[in-house]
Amino acid sequence: MQTTISQYINNLFPQFEPALKQLLAEVATLKTFAAGEMMMETGQYFKSTVLIVEGRAKLYRQGEEGGEFFMYYLEPGNACALSLICATKQETSEVMAKALEDTTVLMIPIGMMDDLMKNYKTWYYFVLETYRTRFQELLEVIDGVTFKGLDERLMFYLTNQYKKLKTRQLSITHQEIATDLNSSREVISRLLKKMEQRGELSLQRNYIEWLK
């Protein structure tokens, strides 16, 4: 049975006050992105504020020569922090977002952002918490790049993935990990092999199994 907008809101955003839930159910629309599809690109104008209700997306910066710098993931119940403010100010995106699996989002018209912030306290606090969470995630990325060796960053990365996905089998390629950690596939493969030899994980054909 297809999930309605009201059901998504009640299940994933229970903190919203009843009047806000009702309003969002009336004005929001649903959009689904296929796995691998770009959801947002650098230079693109925001037309809506985006809330994730199904699936998983990755936000990253792309360098002038095509390299990627991983920022954070968005999962059900999360909002794209940039779309909360850039949409209102009519600014373009400075990051890219890609659906890692089939991902459904709740799209709220940008013209409503000022009124939502002024008239609904739960929305105001939701926006503040979204920025706090995204900022904390960025600090962790910066700390990893600045203060930790690649082996420590890889351990933190994998541990975080397993916890968030609630599975011991992570379906991800060595190249995808290398891209997220701004390294090379060869280096990541070598470090993963060492972790396997220490009994921390098992490298399978299509996934990495966590053994700790």
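The values are calculated or read from the model by the stated rules, or taken from the named source; none is laboratory data. These numbers were taken from a predicted model, which means no experiment stands behind them. Here the Cβ is made from the backbone with ideal geometry for all residues, glycine too, and neighbour counts use every protein chain on show. What goes into the accessible areas is simple: the full protein's heavy atoms, side chains included, and nothing from ligands, DNA or RNA. Shrake-Rupley method; radii C 1.70, N 1.55, O 1.52, S 1.80 Å.
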Taking the range 39-53 only, how many residues are touching a helix residue (DSSP H, G or I) at 6+ places or on another chain (Cβ under 8 Å) and open to solvent by 50 Å² or more (accessible area, probe 1.4 Å)?
-> 1
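This table checks each residue for (1) charged (D, E, K, R); (2) open to solvent by less than 40 Å² (accessible area, probe 1.4 Å); (3) in contact with a Phe, Trp or Tyr (Cβ under 8 Å, 6 or more places away or on another chain); (4) touching a residue at least 24 places away in the same chain (Cβ under 8 Å).
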residue: A99; (1), (2), (3), (4): no, yes, yes, yes
residue: N182; (1), (2), (3), (4): no, no, yes, yes
residue: I188; (1), (2), (3), (4): no, yes, no, yes
residue: M195; (1), (2), (3), (4): no, yes, no, yes
Yes or no: Y162 of a type in the set (S, T, Y), out of contact with any helix residue (DSSP H, G or I) (no Cβ under 8 Å at 6 or more places or on another chain), loosely packed, with under 13 Cβ neighbours inside 10 Å and within 30 Å of F13 (Cβ to Cβ)?
-> no
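Residues L74, L116: which one is farther than 23 Å from Q161 by Cβ and crowded, with 19+ Cβ neighbours inside 10 Å?
Testing whether each residue is farther than 23 Å from Q161 by Cβ and crowded, with 19+ Cβ neighbours inside 10 Å leaves just L116.
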Scan the range 197-212 for residues that are among the acidic types (D, E) and open to solvent by 90 Å² or more (accessible area, probe 1.4 Å) and report the count.
-> 0
Among the residues of the range 175-203, count how many are among the hydroxyl-bearing types (S, T, Y) and over 24 Å from the mean Cα position of the chain (by Cα).
-> 2
Would you say G36 is part of a loop (DSSP other than H, G, I, E, B), within 24 Å of F156 (Cα to Cα) and either of a type outside the set (A, V, I, L, M, F, W, C) or open to solvent by 20 Å² or more (accessible area, probe 1.4 Å) (or both)?
-> no
Among the strands (runs of 3 or more DSSP E) lying completely within the range 95-212, list those that include at least 3 residues that are closer than 22 Å to M40 by Cα.
-> 96-99, 103-109
In this structure, does E17 turn out to be closer than 25 Å to F156 by Cα, assigned by TED's automatic domain parsing to the domain that holds N119, surrounded by fewer than 19 Cβ atoms within 10 Å (Cβ to Cβ) and modelled with pLDDT of 90 or more?
-> no
Working only within the range 137-159, note down all residues that are surrounded by 12 or more Cβ atoms within 10 Å (Cβ to Cβ) and of a type in the set (S, T, N, Q).
-> T159
Scan the range 119-130 and give yes if some residue there is among the hydroxyl-bearing types (S, T, Y) and either modelled with pLDDT under 90 or in the same structural domain as I188 (by TED's automatic domain parsing) (or both), otherwise no.
-> no
